[in-house]
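Structure, as structure tokens:
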Amino acid sequence: MKRLATLALSLALLSGRALGQNATDGSKKDPTIQQLEEMKRDLEAQQKEIEKLKGEASQRDEELRKMQERVQKQLDDAQAAAAQSQAAAAQSQAAAAQSQASPAQADKAGIYPASLKKSIEPMLQQPNPATGVETPPWAVLKISDKVSFRFGAVLQPTYEALQDPISEGYSQNFYLRRARFNVLATLPENITVFFQTDDPRLGNAGANGQKNINSGFLIQDAWAQWNFLGHAMAIQAGEFLIPTERQVLTSVATFLALDLPTWSQQAGTIEEANGGRDYGVGFNGALFGDHLTYRTGIFSGYRAPSTPEGAGSRNPPMFAGRVMYDFFDTEVAYSPAGTYLGKKKVVAIAAFGQGQGPFKAVGGDIFIDWPIFGGDAITAEADYIHYDGHGFVFNDNGTNNTLPQQESLYTNVGYYFCQIHLQPFARYEFLYFNDRINKAKEQTRYGGGFNYYVYGQNFKIVPYYERVVPRVQPGTAAIKDFNRFVLEMQGSF
């Protein structure tokens, strides 16, 4: 560029000189041919120099443009790399924050999402005593590496229409079949503590029209357990389930066929039990690779009233025991599931017995839950129990009652369609009395419905129809057999 400017200045000077000569020598004669040719040669030489300089300038402009493109590309690459680095750093910080909030990395007390951290892994692998389900809980309250709590609840809003055999009309009720809250604590030295409350049949007015709204919560379960030999043996004390037939022990949140058997706890009132539970101490465990499970207990049972001869409660306690063998997958749980929805291969048989003075009860059950194909599964169960009070008169809150010799059978079967989350089921049960005088109390019930799993056992809808067939009805009854309709929704965690 400097050479181009010098050339332009030279041309200007040359032109000025020529014009000056023309002005001062106007009177002189015109330039000669030789002078003109010399001037032409000078101009041509200068023109070539100009063209050369233009080419060099154009080449330098192209080099400058390419250099600018390279610099811009390097700048863009640097900015992109910086953005990626920032994004990676942000992601790393988020992961670190999540890791700090997770029990897998947390070392401080607090409320964290459930995970399989070694310090709480045994608790998470243990089925929830309230639901029987082995899926992890929604939240864990971690006090330390060896002290953790988890919480659960079961709600069963229900509509029921029960036909009156006299008027043939229907008693209708909306109520809460169950409203439970529970907490399980896992403590050092293989110690667990379980507490559960319930307000059953809240709002149910029954057939008499007296609405149940002030019953309040009762203590359903309250026990502490020490697994001093691991799975092989544990000691349990407090209020807990009496060893009996499977359906009574089954988690209420996982029932296949809506609810408990009708006559599974015929001795419950006389024996002063609470929903199949009583106060006592017992042992439980699992042997042979957890395939053989057992549970035993000494319970308060029936407490004899005082007499003129002395104080009450002098009668012996109640003894109960149950043993079960699982041929395939095992079930080590306080409350087993009523259906596993194809997640287990279970074939189990069990026997049990109870006794207190003249009162005796024996029975057994078989349970099958087997995946078929495509996630489908079949579930079937049969429970048998025999009661006999041997003519003993129980003083039930001032009223004398007996427990006549009787037996009942409960069965259910269902098929789970995995793709549509639907599980049709049927149930059948009967009550039979050995003594002729009690034959009029015999009854048969059969029905069916389906479970629609919106979100597994956490939320399901259960419509159910049942036909009640009593052996004898009062003379005033317009019909003998009558109907029962139930629609239940369940939310649990």
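The values are calculated or read from the model by the stated rules, or taken from the named source; none is laboratory data. What you are looking at is a predicted structure, and each value in this text was computed from that prediction instead of being measured. Here the Cβ positions follow ideal geometry from the backbone for every residue, glycine too, while neighbour counts run over all protein chains shown.
Per-structure values
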read-out: Residue within segment 424-432 that is closer than 18 Å to Gly342 by Cα and among the charged types (D, E, K, R) present; value: no
read-out: Subset of segment 169-201 [surrounded by 17 or more Cβ atoms within 10 Å (Cβ to Cβ) and among the charged types (D, E, K, R)]; value: Arg177, Arg178, Arg180, Asp198, Asp199, Arg201
read-out: Filtered residue count, segment 255-270, keeping only those that are in contact (Cβ under 8 Å) with a residue 60 or more places away in the chain and either surrounded by 24 or more Cβ atoms within 10 Å (Cβ to Cβ) or within 17 Å of Thr411 (Cβ to Cβ) (or both); value: 10
read-out: Failed item in (1) in a helix (DSSP H, G or I); (2) exposed (fewer than 13 other Cβ atoms within 10 Å of the Cβ); (3) without any contact (Cβ under 8 Å) to a residue 40 or more places away in the chain, with Gly475 passing the rest; value: (1)
read-out: Check on Thr158, part of a strand (DSSP E or B) and of a type in the set (Val, Ile, Thr); value: yes
read-out: Any hit, segment 124-134, residues being small (Gly, Ala, Ser) and either modelled with pLDDT of 90 or more or farther than 29 Å from Asn274 by Cα (or both); value: no
read-out: Single residue of Phe299, Phe288, Phe228 found to be within 28 Å of Leu187 (Cβ to Cβ), without any contact (Cβ under 8 Å) to a residue 60 or more places away in the chain and buried (at least 23 other Cβ atoms within 10 Å of the Cβ); value: Phe299
read-out: Members of segment 263-309 that are in contact with a Lys or Arg (Cβ under 8 Å, 6 or more places away or on another chain) and more than 25 Å from Ile349 (Cβ to Cβ); value: Glu272, Ala304
read-out: Enumerated strands (runs of 3 or more DSSP E) restricted to segment 394-445, each holding at least 1 residues that are at pLDDT 95 or above and of a type in the set (Phe, Trp, Tyr); value: 406-416, 422-433
read-out: Residue match in segment 470-484 (condition: farther than 28 Å from Ile166 by Cα, assigned by TED's automatic domain parsing to the domain that holds Phe425 and either of a type in the set (Val, Ile, Thr) or in contact with a helix residue (DSSP H, G or I) (Cβ under 9 Å, 6 or more places away or on another chain) (or both)); value: no
read-out: Failed item, numbered, when Gln423 is tested on (1) without any contact (Cβ under 8 Å) to a residue 40 or more places away in the chain; (2) in contact with a strand residue (DSSP E or B) (Cβ under 8 Å, 6 or more places away or on another chain); value: (1)
read-out: Only listed residue being more than 29 Å from Ala382 (Cβ to Cβ) and either among the small types (Gly, Ala, Ser) or at pLDDT below 95 (or both), chosen from Gly285, Gly230; value: Gly230
read-out: Qualifying position, being part of a loop (DSSP other than H, G, I, E, B) and buried (at least 17 other Cβ atoms within 10 Å of the Cβ), among Asn204, Asn214, Asn208; value: Asn204
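Residue-by-condition table, conditions (1) aliphatic (A, V, I, L, M); (2) touching a helix residue (DSSP H, G or I) at 6+ places or on another chain (Cβ under 9 Å); (3) without any contact (Cβ under 8 Å) to a residue 12 or more places away in the chain; (4) on the phi < 0 side of the Ramachandran plot:
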position	(1), (2), (3), (4)
Gly375	no, yes, no, no
Tyr384	no, no, no, yes
Gly391	no, no, no, no
Asp396	no, no, no, yes
Asn401	no, no, no, yes
Pro404	no, yes, no, yes
Ser408	no, no, no, yes
Asn412	no, yes, no, yes
Tyr415	no, no, no, yes
